[in-house]
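To start, the structure under review is shown below, and the notes come after it.
The values are calculated or read from the model by the stated rules, or taken from the named source; none is laboratory data. Note that this is a predicted model, so its numbers are computed, not measured. Note that we place each Cβ from the backbone using ideal geometry, even for glycine, and neighbour counts take in every protein chain shown. We work out accessible area using only protein heavy atoms, side chains counted, and drop any ligands, DNA or RNA first. Shrake-Rupley method; radii C 1.70, N 1.55, O 1.52, S 1.80 Å.
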Amino acid sequence: MKRNIRIEALDQIPLEKQRIEVVERKCLGHPDSIADGVAEAISRALCREYLDEFGVVLHHNTDQGEIVAGESVPKFGGGKVIRPIFILIDGRATKRFNDISIPTDAIAVEATRDYLRTHFKTLNLERDVIMDCRLGTGSTDLRDVFKPKNGRVPRANDTSFGVGHAPFSDVENIVKGVSDFIDEKLRPKYPAVGQDIKIMGLRDGETITLTVACAVVDKYCADIHQYTEYMEILKEQIGKISKKFTKRKVVVHVNTGDDIKNNSIYLTVTGTSAEMGDDGSVGRGNRCNGLITPNRPMSMEATSGKNPINHIGKIYNLLSTQIATDCVSRVEGIEEMYVRLLSQIGQPIDRPLVASIQVLPACGVKMGKIQGEIDSIVDEWLENVTDITEKVIRGELKTF
């Protein structure tokens, strides 16, 4: 039976030609991103345990985690965390299968500690973080939908949808590129640059303004003068890297909330605001493409922590993004593309109720010339939808 793939041409102003565009990214150490990272790390750890023990991934969803801020007293040269960050691990997991008990809570706690240890070198896990695990078990009907059926394509756990778009705009590329540059290049050179960074990009006509909030780790910063030097380094380096992604004018502002005269600055002990007054929740930050893009269609679903077998909130968001990116890469003449995949609970995930593909053709390109190729690519991705599951378990696809 042919899949219900609907392709239509859009008649609208391309995003790059619209007056205003806004793009945001909450980087790795933002409390919302910490919650996402922990949730996804737990899900992947459970997947590995289930596969090792039973040869299949069992039902679980760990996408309800919370980060509750602690309390700290930062000071130049090194302060202290006086009330630890609290992490609540909750959600659902299969705890018993074929009369064998599975240590899901222990796995979740270990995965959380491993994730924090790997990504947050300035956190003292013995003093700065406490956690509580409250994993429950799933509802019977959803577990039944989840059951593997002799190699058949999994059935959707919900009537829900996923969305994706391509290609990235200049602002989207800059925001993501700046984040990657800070994580991969700048922080190793300047460890005072904390991991709790928020980047807000605004394009107003042909001018792009980046407003960056960046935590500074106090033990690597001697005084207010060194702090201001770090701010200048950030501003200069962000401006330079931005030029690789656009020919437009780029203006950079860093830590605009600082009051230097009164020493009211973004100074932290650990490099994250989770140490003092900023809570976090799974799904409240970046979408699965790593950005928050109010000019584009978006799903409100949390991608991180959902099971990668049949949870549409995870699979279809990741799949939609992959489809859009692949089509733009392989088919000439697409200026913008938007993908919406809608499931029906209990139905095979390779046969969505509809795969809605909206294409803004490049100037002079007729839809009839590219529609067949687009349809073929979409159908190919749906035919191999379980590839998304395998990539997620291997850690090859980011969820935030």
To the nearest 0.05, what FRET efficiency results for Glu390 and Asn262 with a Förster distance of 56 Å applied to their C-beta separation?
-> 0.55
Please report, in debye to the nearest 20, how large the charge dipole of the chain is about its Cα centre when each Lys and Arg carries +1 at its beta carbon and each Asp and Glu carries -1 there.
-> 380
Kirkwood Rh for region 103-223 from C-alpha pairs, in Å, is 19.4
Value of Rg to Rh for region 187-232 (Rh from inverse mean 1/r over Cα pairs, i.e. Kirkwood) | 1.10
Pairs of Lys in region 102-239 closer than 23 Å at Cα, counting only those 8 or more apart or on different chains | 18
Can you tell me the accessible area per residue over region 347-400, all protein chains present, probe 1.4 angstrom, in square angstrom?
-> 49
Expressed as a whole percentage, what fraction of the accessible surface of the chain belongs to carbon and sulfur atoms when a 1.4 Å probe is rolled over the protein heavy atoms?
-> 49
Counting only backbone N atoms under 14 Å from a point 7 Å out along Cα-to-Cβ of Met298, the residues of region 159-189 in range are 163-165, 172, 176
Quick one: length gained pulling Ile233 to His253 fully straight, 0.36 nm per residue minus the C-alpha distance?
-> 6.0 nm
Relative counts (whole %) of C-alpha pair distances in region 17-58, using bins that are 5 Å wide = 5, 20, 14, 12, 11, 11, 11, 6, 4, 4, 2
At a Förster distance of 56 Å, what's the computed FRET efficiency of His225 paired with Arg330, Cβ-Cβ distance as r, to 0.05?
-> 0.60
By how many nm would the segment from Asp52 to Lys243 lengthen if fully extended, with 0.36 nm per residue of separation less the alpha-carbon distance?
-> 64.1 nm
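Quickly rank 383-394, 82-93 as a protection proxy: mean count of other C-beta atoms within 10 Å, highest first.
Output ranking for 383-394, 82-93: 82-93, 383-394.
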For Ile20 and Thr159, compute 0.36 nm times the residue count separating them, minus their Cα-Cα distance, and round to one decimal in nm.
-> 46.7 nm
The size of the Cβ-based charge dipole (Lys, Arg +1; Asp, Glu -1) of region 187-269 about the Cα centre, to the nearest 20 debye, is 560
Residue-normalised value, i.e. accessible area per residue, for region 31-190 at 1.4 Å probe, in Å², stands at 47
